[in-house]
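Structure, as structure tokens:
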Amino acid sequence: MALVLFVTSAASAQNGDDTGPDPASVRVRIGPLWMNPSISVPNVGIDTNVFNDPPDVTPKRDFTVTVMPKTELWLRLGRTWLSGIISEEMTWYQKHTTERSANSAYTVGWKAPLNRLVLSTGATWLRARARPGFEIDGRVQRKEPTYTASAEIRALAKTFFGVRGNWRKVTFDDAAVFDGRGLREELDRTERSAAVTVRHDLTPLTSVTFSAGRAEQRFAFSTSRDSTSDDFSVSLNFDPRALLKGSARFGYTDYRPESADLAGYKGATIEMDLAYTLLGSTRFTGGIRRQVESSYDASQPYYLLTGASGSIAQQIFGPVDIVGRISAQRLEYRTRLGAPVAMPDRTDHLRAQGGGVGFRLGQDLRLGFNIDKERRTSVLTHRQYHGLKYGTSLTYGL
């Protein structure tokens, strides 16, 4: 199971200067320290294709358990808030011990509203042995430190002008190998970005932000992959207390590889994650992605990822609910000029669907029974696979 991390500080959860948590959602308070502990066991069951083996290979089947504890923290310091997230993901396989892993992610953030000036900074440390995205099927060790900073000044009653910067380093372990390629040599990189922003608060719970910036990717060993991007976007952000929750960003990217033998990408980018609850009993969630991603294959150094996912959770009666989910991803590869590849500019597809039934055992405790099916299709036989996972889940405090 891949570790999926959305990094944010509590400060980004709300618009305006009130950067602390929603008091109604905080479960533990010790003096000035506020905490939201939670734990989930998203899977206790069977994985019918542990290694995502292609159809011409007999898939490996195993019993697996995943446990994910998490704690959100907030500490008030004068007019500012210090926030943090501590999360772990521990995956255990009964027979295939090489696939056991313990992944860690730690986030700290600080936001200071100083009259008309708002300062924010944050850092995240990720150490994971997991599948890094939709392309690489091996569970490989990597580290990802990330640092962010921003400053905004209130120009009008509801309008802020700002700047922001981001730095991220991706480092794979020396033993991380997939499809005969060393991922350290192929994908170790440093990413830097900076942008100017204009944010306007439409309502106390909704804001719109316009952004223009530049991003750079610099690879440690495979410098022919280096690139520079100009990005322009408009985004809508909805407070967790709003009826519609989440964010939606629509942009235009001019992605320019440094190597002359590789074509760039000019076009739309999208990043959307929204949730809506109807009449307190039906919850809809949806996400859309369209962005450039680096590939492990030096002959096809990047692909355009376009994907969508959605789910519906419906309370049937009393403590019983049902959930249905579906997702589809398209990976459009870009080939170097003259590179010896089996299929230039190929496109792979991933589709997943699943569902389950859940029983509320208390206000914060849910027991679920789930089944999920996933399939990848490609013109390359060794890139195809299909698998099924089924079992139970248990969540507390989520």
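Below are the figures for this structure:
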quantity	calculated
Distant-in-sequence amide H partners of residue 49 (H built 1.01 Å from N, under 5 Å)	388
Theoretical FRET efficiency, 1/(1+(r/R0)^6), r = Cβ-Cβ of residue 57 and residue 175, R0 22 Å, to 0.05	0.45
Residue among 310, 84, 391 farthest towards the positive dipole end of the chain, charges placed on Cβ	84
Kirkwood-based shape ratio for segment 10-396, expressed as Rg/Rh from alpha carbons	0.96
Most mobile listed residue (141, 94, 315) in the chain, GNM with C-alpha springs under 10 Å	94
Taking 110, 125 and counting other C-beta atoms within 10 Å, the order from fewest to most	125, 110
Under 22 Å from residue 95, Cα to Cα: lysines that are on another chain or at least 8 residues apart	60, 373, 389
Partners for residue 111 among lysines (Cα-Cα distance below 24 Å; same-chain residues under 8 apart left out)	70, 158, 169, 245
Chymotrypsin sites (Phe, Trp or Tyr not before Pro) restricted to DSSP loop in segment 317-382 with at most 14 other C-beta within 10 Å	none
For 30, 322, 316, 85, order by how many other beta-carbon atoms lie within 10 Å, fewest first	30, 316, 322, 85
Label zone at residue 46, where the point sits 7 Å out along the Cα-to-Cβ direction: segment 360-398 residues whose backbone N lies under 14 Å	370-373, 387-392
Which of 163, 223, 213, positive extreme of dipole for segment 159-286 (C-beta unit charges)	163
Aspartates and glutamates whose Cα lies under 13 Å from that of residue 143, excluding same-chain neighbours fewer than 8 positions away	173, 174, 188
Helix-only [θ]222 nm of the chain, DSSP H runs n ≥ 4, -39500 (n - 2.57) each, per residue, nearest 500	0 deg cm²/dmol
Farthest positive-ward along segment 10-396 dipole, Cα basis, beta-carbon charges - from 320, 67, 300	320
Alpha carbon convex hull of segment 283-370, volume per residue in cubic angstrom	111
Charge context of residue 144, other residues only, Cβ under 12 angstrom, K/R +1, D/E -1	+4
From phi via Karplus (6.51, -1.76, 1.60), per-residue ³J(HN,Hα) for segment 40-50 in Hz, x at Gly/Pro	9, 10, x, 8, 10, x, 10, 10, 7, 8, 4
Residue exposure sequence - 201, 179 - by fewest surrounding Cβ within 10 Å	179, 201
Low-density loop positions, chymotrypsin sites (Phe, Trp or Tyr not before Pro), segment 183-251 - DSSP coil, at most 14 other Cβ in 10 Å	221
Residue list for segment 295-323, given a label point 7 angstrom along the Cα-to-Cβ vector of residue 360 and an amide N cut-off under 14 Å	313-322
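Coordinate-derived values only; no laboratory data. Note that the structure is a prediction, hence the values are computed from the model and not measured. Neighbour counts run over all protein chains shown; Cβ positions are idealised from the backbone, glycine included.
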